[in-house]
1. Over segment 25-94, what is the mean sequence separation of C-alpha contacts under 8 Å (at least six apart), divided by residue count, expressed as relative contact order in percent?
2. Run the helix sum for the chain: -39,500 (n - 2.57) per DSSP H stretch of 4+ residues, divided by residue count, reported at 222 nm to the nearest 500 deg cm²/dmol.
3. Which of these values of log10 I(q)/I(0) by the Debye sum over Cα atoms at q = 0.13, 0.14 Å⁻¹ was calculated from the structure shown: [x] -0.79, -0.86; [y] -0.53, -0.58; [z] -0.38, -0.44?
4. Helix 49-60 sits at what angle to the longest principal axis of the chain, using alpha carbons and giving 0 to 90 degrees rounded to 10?
5. Using a 7 Å offset from the Cα along the Cα-to-Cβ direction at both Arg93 and Trp32, what is the distance between the two label points in nm, to one decimal?
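Here, each number is a calculation from the coordinates, and none is a lab measurement. Every value quoted in this text rests on a predicted model; they were computed, and no experiment measured them. Methodologically, a virtual Cβ is constructed for each residue, glycine included, from the backbone with ideal geometry; neighbour enumeration extends over all protein chains shown.
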Amino acid sequence: MMEASAGQAVMLNAVDSAFGRLGENAKRIIYWHLENSYQIQREDIVKKPEAFIEALENLFGAGSRILVHDILVELSRLLSEDIPMDLAFAIRRISP
């Protein structure tokens, strides 16, 4: 298991990368909505994984599955290991 701050950094980098695939403006808008509509700041993602996933589902509907998949794929790439395809579990596992 990783040190908490290192795991958090890797997780947030994976989220940034997945959101960034939509474009930098889209990434900023997503973070703005998370903060202003759901009270989830970027740093809170690792502390509130279920709330983060629920917010993505509310924002993107079924499309949230694509973002979650992209986050997990990027996380797997950054860690050089297979990650379970359950985002909440993966977040808790690498950033306790």
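1. Details: 38 pairs, mean separation 17.4, N = 70.
Relative contact order of segment 25-94: 25 percent.
2. Working: 5 runs with 68 residues, N = 96.
It lands at -22500 deg cm²/dmol.
3. Here the calculated entry is [z].
4. The helix 49-60 is inclined about 40 degrees to the chain.
5. Roughly 3.5 nm, to one decimal.
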